[in-house]
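Novice: One structure coming up, written as structure tokens, with questions to follow.
The values are calculated or read from the model by the stated rules, or taken from the named source; none is laboratory data. Everything numeric in this text was worked out from a predicted model, so none of it was measured. Neighbour counts are summed over all protein chains in view; Cβ atoms, including those assigned to glycine, are modelled from backbone coordinates with ideal geometry. For the accessible areas, the whole protein counts, side chains as well, though only heavy atoms, and no ligand, DNA or RNA atoms are used. Shrake-Rupley method; radii C 1.70, N 1.55, O 1.52, S 1.80 Å.
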Amino acid sequence: MSGAQSLSPALAARLAKHAHQHKYDHGHALIVAGGPGRGGAARLAARAALRVGAGLVTVGCPAEALTENAAQLTSVMLCALKGSAGLEDTLADPRIGALCLGPGLGLGTESRNMVRVALATRRAVVLDADALTSFSEAPRALFALLHGMAVLTPHEGEFRRLFPEQARHLGDDPRGERLDARREAVRAAAARSGAVVLLKGAVTLVADPSGHMIEQHLTGAAAAPWLATAGAGDVLAGLITGLLARGFSPVQAAEAGAWLHAAAARAVGPGLIAEDLPDALPTVFRELGL
């Protein structure tokens, strides 16, 4: 087990960009959005993916939501994408190396079908929010689809719904203070699902199927209490997606994404809202010497 209070020099060095590289060297990330009125979460994820260094980021949404998203995005590209058939057509582009599904996606059969299409490509995939909740009544169906390039980013409620057997380790621990129990639950969930699992909380835990675990403690001097705000989790999902697009492994992307998320929150401080997090990353990168 390794701590993540400071970002490892190796991961920090990988965040740098170099003069001989161009945008396609840093990957293309696709953020799948929901319909009209539900695009805010995907836009947060997209801005985070772009800020963390993905060379290109596209938000894919139903045609009727294009105007709404275009009014809010400039550097992020847009494409019309409706449902699983639309996602399959979009993924015919082999340059798309990483996807994020969940923020504002919506619940139900079509969301499950989109997850199936995304995972069938064997590309790097972050599943968050609605993508996880859509499988809460049939988690085994999701586990049958998952592979080693997938990252799941549940908060505790989503974790308990998706991993009821593993969540027994947690017991009645609403403040997340039983750290040994949380470690055991997350390790068991990663082993059961075959994917990297990141459980958000005051101590964010990341585990891969082999049992390797990383901890990000957001307590004491490292506390970032202003992360308790709507949309912060969508930003984290976008950070991880952007890092996957850049070629980070799933566990590296989860570790670096969690660290950058907290560092950006500390850089902003009191009054933080989710929109502030991507724009704080340049400050964090300068402090890392990048």
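Novice: Does region 112-129 contain any residue that is small (Gly, Ala, Ser), buried (at least 22 other Cβ atoms within 10 Å of the Cβ), in contact with a helix residue (DSSP H, G or I) (Cβ under 6 Å, 6 or more places away or on another chain) and closer than 27 Å to Gly157 by Cα?
Specialist: yes
Novice: Further question on the same structure: Kindly indicate the residue of region 139-169 that is among the small types (Gly, Ala, Ser) and in contact (Cβ under 8 Å) with a residue 24 or more places away in the chain and also least open to solvent (accessible area, probe 1.4 Å) among those meeting that condition.
Specialist: Among residues in region 139-169 that are among the small types (Gly, Ala, Ser) and in contact (Cβ under 8 Å) with a residue 24 or more places away in the chain, the one least open to solvent (accessible area, probe 1.4 Å) is Ala150.
Novice: Okay, moving on. Any residue that is open to solvent by 20 Å² or more (accessible area, probe 1.4 Å), at pLDDT 95 or above and part of a helix (DSSP H, G or I) - is there at least one of those in region 173-182?
Specialist: There is no residue in region 173-182 that is open to solvent by 20 Å² or more (accessible area, probe 1.4 Å), at pLDDT 95 or above and part of a helix (DSSP H, G or I).
Novice: Which residue, of Leu56, Leu87, is crowded, with 16+ Cβ neighbours inside 10 Å and out of contact with any Phe, Trp or Tyr (no Cβ under 8 Å at 6 or more places or on another chain)?
Specialist: Leu87
Novice: Under the condition of being of a type outside the set (Gly, Ala, Ser) and open to solvent by 10 Å² or more (accessible area, probe 1.4 Å), which residue from region 28-53 is farthest from Ala230 (Cα to Cα)?
Specialist: This residue is His28.
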